[in-house]
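First up is the structure itself, then whatever we jot down about it.
The values are calculated or read from the model by the stated rules, or taken from the named source; none is laboratory data. Owing to the predicted nature of the structure, the values given are computational and were not obtained by experimental measurement. Cβ sites come from the backbone with ideal geometry, for glycine too, and all protein chains shown count toward neighbours.
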Amino acid sequence: MEAVKAGHQVAHHTFAHLRLSNTTSEVLREDTATLKKKFDSLLGKSPTYFRAPYVGHQISKEHADVLAAFDVKNIIGWSISTEDWKEARAYLHFIFAFFLTSFFKYSR
C-alpha cells in the first residue's frame, strides 16, 4: 500500500497465474473479477496494467476485451525470460507464505 501511496504503478498478472493459451474468456473474467475485488478492498482501486503469465503468450482479442471490461488500459507483452525465478526457488515457500499472509490480512 505504501508503494501505491508513493505513486508506483501496480499491474496484475492474473489471480491464479493462468496460462492464457488454455484459458477461456469466461475463466479469465472470473479470475479478473476475483483479483479486482481483492485489489479494490486492499488498495481502493484496481490495476489498469496487465502482463500475462508465461513468456511469449499472445493476448487474444477476446481476452483483451475481457480485460478492457475491467478497465485494463495497458497490456504489456514480453518474449524474453530473465529466468530470475530460478534463483528464488529456494525461497519460494517463504515468499509465498509472506505474500498470502500480507495479502489476505489486508483484504478482509
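Kindly provide the set of residues from the range 9-35 that are over 10 Å from the mean Cα position of the chain (by Cα) and in contact (Cβ under 8 Å) with a residue 24 or more places away in the chain, ordered by number.
Answer for the range 9-35, where residues must be over 10 Å from the mean Cα position of the chain (by Cα) and in contact (Cβ under 8 Å) with a residue 24 or more places away in the chain: GLN9, ARG19, LEU20, SER21, THR23, SER25, LEU28, ARG29, ALA33.
Give the residue that is nearest to GLY77 (Cα to Cα), with candidates limited to residues of the range 1-15 that are among the hydrophobic types (A, V, I, L, M, F, W, C) and loosely packed, with under 13 Cβ neighbours inside 10 Å.
Selected residue: ALA3.
When the range 17-52 is examined, which residues are found to be assigned to a loop (DSSP other than H, G, I, E, B), out of contact with any Lys or Arg (no Cβ under 7 Å at 6 or more places or on another chain) and within 18 Å of ILE75 (Cα to Cα)?
Correct list: HIS17, LEU18, ARG19, THR23, THR24, LYS45, PRO47, ALA52.
What are the residue pairs meeting all of these: first residue in the range 56-70, first residue closer than 10 Å to SER25 by Cα, second residue surrounded by 11 or more Cβ atoms within 10 Å (Cβ to Cβ) and modelled with pLDDT under 95, Cβ atoms under 7 Å, and 6 or more apart or on different chains?
HIS63/LEU20; ALA64/ILE75; LEU67/PHE50; LEU67/ILE75
When the range 37-53 is examined, which residues are found to be touching an Asp or Glu at 6+ places or on another chain (Cβ under 7 Å) and not small (Gly, Ala, Ser)?
Scanning the range 37-53 gives a single hit, THR48.
Contact list please: Cβ distance under 6 Å, first residue in the range 71-83 and closer than 26 Å to LYS37 by Cβ and of a type in the set (D, E, K, R), second residue surrounded by 10 or more Cβ atoms within 10 Å (Cβ to Cβ) and modelled with pLDDT of 75 or more, pairs at least six apart or on different chains.
Correct list of pairs: ASP71/THR48; LYS73/THR48.
Kindly check whether there is at least one residue in the range 66-74 that is touching a Leu at 6+ places or on another chain (Cβ under 6 Å) and modelled with pLDDT of 70 or more.
Yes, the range 66-74 contains at least one residue that is touching a Leu at 6+ places or on another chain (Cβ under 6 Å) and modelled with pLDDT of 70 or more.
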